[in-house]
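The structure under discussion appears below in the form of structure tokens.
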Amino acid sequence: MKKRVAILISGGGSNMVRLVEDMADPDHPAEPVLVLANDPAAGGLEKARALGVPTAVVDHRPFRGDRAAFEAALQAELEKARPDIICLAGFMRVLTEGFVRKWQGRMLNIHPSLLPKYRGLHTHARALQAGDVEHGCTVHEVTPELDDGPILGQARVPVKPGDTPETLAARVLRQEHRLYPAVLRRFAAGDRTPVMLD
Ligand code: GRF
């Protein structure tokens, strides 16, 4: 039986597209069953529909900061799709401990830095600010601590003279598109050995 995967997005969904395209391989151990966004204007929704994946939206704004109510609505959509694995792919809402504990060990996230460096936002600007010569991205299991769970994969990029946060972000994103599918393929087969890409 293939593992059922739900992908949570907030924006353009380029990582989501790579995951779905990789799962089109008949030998892949998983299949996409839902793309769920917290913003009805998320560009990734249209891309998911074009790829034939069911979509749903739980807009966080009407909940006016009531995270428990927002997450209850997320949970209801997820229970309809019955995923075995959740992939956070550019999902920009911080989830509460209660929600994370429900899915712990079955929820992955991609973060644009070489964790544990630069948890949180603005990772590319912070790497440049620090004068780093190397940067990259990480896929990790989601735990209650933000950007903290067991690492399942990392990919590195050089920081080049003249780099801006934008040029560095673009170089990292290309690696994200290689790393996340490689990690999901291994994770869905029950293998948590980290994937390391250069
Ligand atoms: C990626 O850089 C990801 O690491 C970060 O948000 C960005 C989302 O990109 N969390 P996309 O929506 O997958 O194109």
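Any read-out appearing in this document is the output of simple, stated calculations on the displayed coordinates, not a laboratory observation. Because the structure is a prediction, the values reported are computed rather than measured. Cβ: placed from backbone, ideal geometry, glycine included. Neighbour counts: every protein chain shown.
Using the alpha-carbon atoms, what tilt in degrees (0 to 90, nearest 10) does helix 14-23 show relative to the longest principal axis of the chain?
For helix 14-23, the angle is close to 70 degrees.
Please order 71, 97 by the number of other Cβ within 10 Å, starting at the fewest.
Exposure proxy ranking, most exposed first: 97, 71.
What size of dipole, in debye to the nearest 20, comes out for the chain about its Cα centre when the only charges are +1 on Lys and Arg C-beta atoms and -1 on Asp and Glu C-beta atoms?
Rounded to the nearest 20 debye, it is 120 debye.
Of 112, 30, 92, which is farthest towards the positive pole of the chain's charge dipole, taken about the Cα centre with +1 and -1 on the beta-carbons of Lys, Arg and Asp, Glu respectively?
Value computed over the given set: 30.
Normalised by the residues of the chain, what does the relative contact order come to in percent, with Cα pairs under 8 Å and at least six apart? Please list the in-between numbers first.
Values: 385 pairs, mean separation 38.4, N = 198.
Once divided by the residue count of the chain, the mean separation gives 19 percent.
Calculate the FRET efficiency for residue 189 and residue 76 from the Cβ-Cβ distance with a Förster distance of 35 Å, rounded to the nearest 0.05.
Efficiency computed from Cβ-Cβ geometry: 0.75.
For the chain, find the longest principal axis of its Cα atoms and tell me its angle to the long axis of helix 67-81, 0 to 90°, nearest 10.
70
Only residues of the stretch 121-151 count here: report those whose backbone N is under 17 Å from the spot 7 Å along Cα→Cβ of residue 166, or say none.
Of the residues in the stretch 121-151, 122-126, 128 have backbone N under 17 Å from the label point off residue 166.
Whole Å is fine, so just give me how far the alpha carbon centre of the stretch 176-198 lies from that of the stretch 91-142.
Result: 16 Å between the Cα centres.
Please compute, over every Cα-Cα pair in the chain, the percentage with a separation greater than 24 angstrom.
Summing the P(r) tail past 24 Å for the chain gives 38 percent.
Past 23 Å, Cα to Cα, is the threshold; run 47/160; 117/160; 47/102; 47/80; 3/102 against it and keep the listed order.
Beyond 23 Å: 47/160; 47/102.
Computed FRET efficiency, Cβ-Cβ of residue 134 and residue 84, R0 22 Å: what is it to the nearest 0.05? Intermediate results must be reported in sequence, preceding the final value.
Details: r = 34 Å, r/R0 = 1.56.
So, using R0 = 22 Å, E works out to roughly 0.05.
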